[in-house]
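What follows is a set of notes on a single structure, which appears directly below.
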Amino acid sequence: MKPQILAAWALALATMAPATWAQPATDTIGHLQNLSGSATVERAGTALPASAGMALLQNDRIRTGSPGAAGIVLTDDTAISLGSGSELLLNDYAFAPQEGKLALAVKLLKGTFAYVTGQIVKLAPEAAQVQTPTATIAVRGTKLLIEVQE
């Protein structure tokens, strides 16, 4: 390889933003399927305006406004609907069945929440939990509706 080409490659790699390397596409655990009204996604202490199609990561906190609603689909096909004035934390998530890694833990802090299980519950029912400020629910069925009042 010519020295000029090698130098150009080295310069290109050196100037790439470290964030490009820090979050590979596999960090995405799901996305906002649909959205109505206002909503935000808090990620690493920063509130981001939510939008349909937005990628979601572990430890994201989704807040819907009043009025507002959000539909979430995780990579294992779990579907979550949040009603107006809701707050949900995506605590723990792993979906790598080939490696035996299956985990789903979400915490509904307030509002309403409808949940339809995906592949994680089908493959390892004990691996899924829905938490509220006062209780932890082990999910064994396929549908769940919860309301947490302030």
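The values are calculated or read from the model by the stated rules, or taken from the named source; none is laboratory data. Only a predicted model underlies this, so the values are computations on that prediction, with no experimental measurement involved. Using ideal geometry, Cβ is built from the backbone for each residue, glycine included, and neighbour counts are taken over all protein chains shown.
Things to note:
- Residue within the stretch 28-46 that is modelled with pLDDT under 50 and over 24 Å from residue 85 (Cβ atoms) present: no
- Here the condition is being out of contact with any Asp or Glu (no Cβ under 7 Å at 6 or more places or on another chain), closer than 30 Å to residue 125 by Cβ, part of a strand (DSSP E or B) and in contact (Cβ under 8 Å) with a residue 60 or more places away in the chain; of 80, 29, 72, it holds for 29 alone.
- The single condition among (1) surrounded by 15 or more Cβ atoms within 10 Å (Cβ to Cβ); (2) modelled with pLDDT of 95 or more; (3) assigned to a strand (DSSP E or B) that residue 111 does not meet is (2).
- Selection of the stretch 28-60 for residues being surrounded by fewer than 19 Cβ atoms within 10 Å (Cβ to Cβ), of a type outside the set (S, T, N, Q) and more than 16 Å from residue 104 (Cβ to Cβ) yields 37, 42, 43, 44, 45, 47, 48, 49, 52, 53, 55.
- Answer residue from the stretch 86-105, given it is touching a Phe, Trp or Tyr at 6+ places or on another chain (Cβ under 8 Å) and within 28 Å of residue 36 (Cα to Cα) and is surrounded by the most Cβ atoms within 10 Å (Cβ to Cβ) among those: 104
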